[in-house]
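Take a look at the structure below.
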Amino acid sequence: MPKAVVCRELGPPSKLRVETVCAMPLAPGKVRVAVRAAGINFPDILMVAGQYQFKPELPFIPGMEAAGDVIEIGEDVHGIKVDDRVIVKLRHGGYAEEVAVTPDHLSPLPSTFDYAEGATFLAAHGTAYHALVDRAQIKPGEVLLVHGAGGGVGLAAVEIGKLLGATVIAAASSREKLAVAQARGADHCIQYDQGKLPELVKGVTDGRGADVVFDPVGGTIFEQSLRCIAWGARLLVVGFTGGIGLARTNLVLIKCASVLGVRAGEAARRDPALGAARLKELHAWAEAGKIRPNVSHRLPLSDVAKAMQLLIDRKAIGRVALTMG
């Protein structure tokens, strides 16, 4: 009988429990995957706490992404075979030893990745791609400021921004995080406690400022970002790990700036062609060795609360994965 992490009451990660669950007969049109790893995402933490925009009914199994092997194929399924190595995309349900999904939830695991890398790939890199390509339409030679550059989505934005020809400024809270960002392509590194953000950004851009700001942090960072942008800048609101950001609208007006919300998953659900194009490009880059998740911690399924706490305490550099078996 497979095991899974079950959320029976909303609250902190410590409320979660690993339980044995029933493996139901496989329905027609579905595929069963033996999960080898699952990625920890900040939205998973918010969902467990009841603070995310999508609120599944209790009880539920958290987990937006996983990777593993196809072990069973239902009737009317074509193009997939047993033993295929796959990435599983979900809204929830990934923190389990087995999942049963329709084929549209699956994509091939890049041959260059292990399971933990596959399970931490699409949420972060998909968000960064959607933000920079679809929303900001960043151009070669533009200056990109990435906040939270030591986190999973921030590092993905550093990688993709550099790949798209931008000059990348990575901002993070420690030297260790900035060292990883620099290794992933950052041209300039800013440590938050080393000075005032607008002055630091203007200092490395000859006073011009950033053309695109990638902000998964929110809080006070959002208003500070408005004070270090170039004319016509685009500010990408990706998340709010530091709280909900508030800002003076006159700062948007003065620089003729645009503030763009980023919801990569919802955008793909509303426009499948957009999601398919994103997935194709990301897989091509992965196979070519141009992008790769940085998985700083790999913990067993039983340590799910500890794994989530690493993100809450900002101790992870890049991604955290749960491993099975």
Counting only residues that are part of a loop (DSSP other than H, G, I, E, B) and touching a helix residue (DSSP H, G or I) at 6+ places or on another chain (Cβ under 7 Å), which one in region 278-298 is nearest to F54 (Cα to Cα)? P293
Which members of region 197-232 meet the condition of being of a type in the set (A, V, I, L, M, F, W, C) and over 23 Å from the mean Cα position of the chain (by Cα)? L197, L200, V201, V204, L226, C228, I229, A230, W231
Need pairs with beta-carbon distance below 8 Å; first residue assigned by TED's automatic domain parsing to the domain that holds L144 and within region 230-244, second of a type in the set (F, W, Y); sequence gap 6+ or separate chains. L235/F222; L236/F214; V237/F222; V238/F214; G239/F42; T241/F42
Can you tell me which of (1) touching a Gly at 6+ places or on another chain (Cβ under 7 Å); (2) surrounded by fewer than 18 Cβ atoms within 10 Å (Cβ to Cβ); (3) at pLDDT 95 or above; (4) not aromatic (F, W, Y) is the one R17 doesn't meet? (1)
Breaking point among (1) in contact (Cβ under 8 Å) with a residue 60 or more places away in the chain; (2) touching a helix residue (DSSP H, G or I) at 6+ places or on another chain (Cβ under 7 Å); (3) surrounded by fewer than 18 Cβ atoms within 10 Å (Cβ to Cβ), for R91: (2)
Any residue in region 272-286 that is closer than 14 Å to N41 by Cβ and either in the same structural domain as E159 (by TED's automatic domain parsing) or crowded, with 18+ Cβ neighbours inside 10 Å (or both)? no
Considering residues of region 155-168 that are out of contact with any helix residue (DSSP H, G or I) (no Cβ under 6 Å at 6 or more places or on another chain) and more than 13 Å from I291 (Cα to Cα) only, the residue surrounded by the most Cβ atoms within 10 Å (Cβ to Cβ): A166
Output the qualifying pairs, or none if there are none: Cβ atoms under 6 angstrom, residues six or more apart or on different chains, first residue in region 193-221 and surrounded by fewer than 15 Cβ atoms within 10 Å (Cβ to Cβ), second residue at pLDDT 95 or above. R208/A230
Is it true that F54 is exposed (fewer than 15 other Cβ atoms within 10 Å of the Cβ) and of a type in the set (F, W, Y)? yes
Looking at (1) part of a strand (DSSP E or B); (2) in contact (Cβ under 8 Å) with a residue 40 or more places away in the chain, which one does L26 not meet, given that it meets all the others? (1)
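The values are calculated or read from the model by the stated rules, or taken from the named source; none is laboratory data. Bear in mind that the values here come from a model prediction, so they are computed numbers and not experimental data. Quick reminder, even Gly has a Cβ in these numbers, built from the backbone with ideal geometry, and neighbours come from all protein chains shown.
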